[in-house]
Amino acid sequence: MTYHLDFDIDPKLYRRAITMPIEPGTRPSRRMIIIRNVAAAILFLLSLAALAMAFFDFTALLPMLIGGLWGSGVVLAVWWRQHQVQVRLHNTYNETGGRQTMRIEAKGIEASRPFIRTWIDWPFVKQIRPIEGATLIELPTARLIVPDDALSEGTDPAAFQTQLEDWRSA
């Protein structure tokens, strides 16, 4: 059996698919994220203080703390700016990228969009899982999204996912 799919990905579905945790159920709670961030900030400040006391006199502590905080702020600002540029480019391509076509069969997956054509062998696929409104095919370097409404009429998404998992496991 071969699936020939031709579809556009709804931007909302796309955003939901790319923001899913890599492993299901591994997203930490908001409380745990806050605890980790506070602990990292405290450890950062303590390490700067220890460094200042070990290599400099105690009067160097305040300038070193200020410099360390300023430097980490610059690093975070640059990272955030680059992250926003990448997200914007990714979203722009998704919204204007045209049709997605896929041929999925026992040998592998051929996926193409304008300017991109890829062949994926099944051993490269990490996981296949359902998300709301689609099937997510996870690769080590990307995610392929197959909307449920892109499947041919009468094809059950659960049966489609089972077939893909059988090919992946073979």
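Looking at the stretch 16-57 only, could you name the residues that are within 17 Å of residue 150 (Cβ to Cβ) and either at pLDDT 90 or above or not aliphatic (A, V, I, L, M) (or both)?
16 - this is the single residue of the stretch 16-57 that is within 17 Å of residue 150 (Cβ to Cβ) and either at pLDDT 90 or above or not aliphatic (A, V, I, L, M) (or both).
Residues that are surrounded by 13 or more Cβ atoms within 10 Å (Cβ to Cβ) and over 30 Å from residue 131 (Cβ atoms): does the stretch 27-42 have at least one?
Filtering the stretch 27-42 down to residues surrounded by 13 or more Cβ atoms within 10 Å (Cβ to Cβ) leaves 27.
Now narrow it down to the ones that are over 30 Å from residue 131 (Cβ atoms): none.
Looking for residues that are surrounded by 13 or more Cβ atoms within 10 Å (Cβ to Cβ) and over 30 Å from residue 131 (Cβ atoms), one finds none in the stretch 27-42, hence no.
Does residue 81 meet the test of being within 17 Å of residue 9 (Cβ to Cβ) and out of contact with any Cys (no Cβ under 9 Å at 6 or more places or on another chain)? Before the answer, list the steps.
Working: within 17 Å of residue 9 (Cβ to Cβ): no; out of contact with any Cys (no Cβ under 9 Å at 6 or more places or on another chain): yes.
No, not satisfied.
What are the pairs, 6+ residues apart or on separate chains, where a residue within the stretch 104-130 that is not assigned by TED's automatic domain parsing to the domain that holds residue 143 has its Cβ under 6 Å from a residue that is surrounded by 14 or more Cβ atoms within 10 Å (Cβ to Cβ) and in a strand (DSSP E or B)?
Listed by first residue and then by second, the contacts come to nothing, as the list is empty.
In the stretch 70-84, which residues are farther than 26 Å from residue 146 by Cα and of a type outside the set (D, E, K, R)? Don't jump to the end; show me each part of the working.
Taking the stretch 70-84 and keeping what is farther than 26 Å from residue 146 by Cα, we get 70-82.
70, 71, 72, 73, 74, 75, 76, 77, 78, 79, 80, 82 - these are the residues of the stretch 70-84 that are farther than 26 Å from residue 146 by Cα and of a type outside the set (D, E, K, R).
The conditions are (1) surrounded by 14 or more Cβ atoms within 10 Å (Cβ to Cβ); (2) modelled with pLDDT under 90; (3) over 24 Å from residue 13 (Cα atoms), and residue 73 fails exactly one of them. Which is it?
So residue 73 meets the others, but not (1).
Within the bounds of the stretch 138-155, is there any residue that is loosely packed, with under 10 Cβ neighbours inside 10 Å, over 16 Å from the mean Cα position of the chain (by Cα) and assigned to a helix (DSSP H, G or I)? Don't jump to the end; show me each part of the working.
Of the residues in the stretch 138-155, the ones loosely packed, with under 10 Cβ neighbours inside 10 Å are 140-141, 152-154.
Filter once more, so that each one left must be over 16 Å from the mean Cα position of the chain (by Cα): 152-154.
This time we only want the ones that are assigned to a helix (DSSP H, G or I), so: none.
No: zero hits.
Could we say that residue 101 is out of contact with any Gly (no Cβ under 9 Å at 6 or more places or on another chain), free of Cβ contacts under 8 Å to residues at least 12 places away in the same chain, among the β-branched types (Val, Ile, Thr) and surrounded by fewer than 19 Cβ atoms within 10 Å (Cβ to Cβ) here?
no
Output the residues belonging to the stretch 139-149 that are under 10 Å from residue 124 (Cβ atoms) and of a type in the set (D, E, K, R).
Passing the criteria: none in range.
The values are calculated or read from the model by the stated rules, or taken from the named source; none is laboratory data. Quantities reported herein were computed from a predicted structural model and do not represent experimental measurements. All Cβ positions, glycine included, derive from the backbone under ideal geometry; neighbour counts span all protein chains shown.
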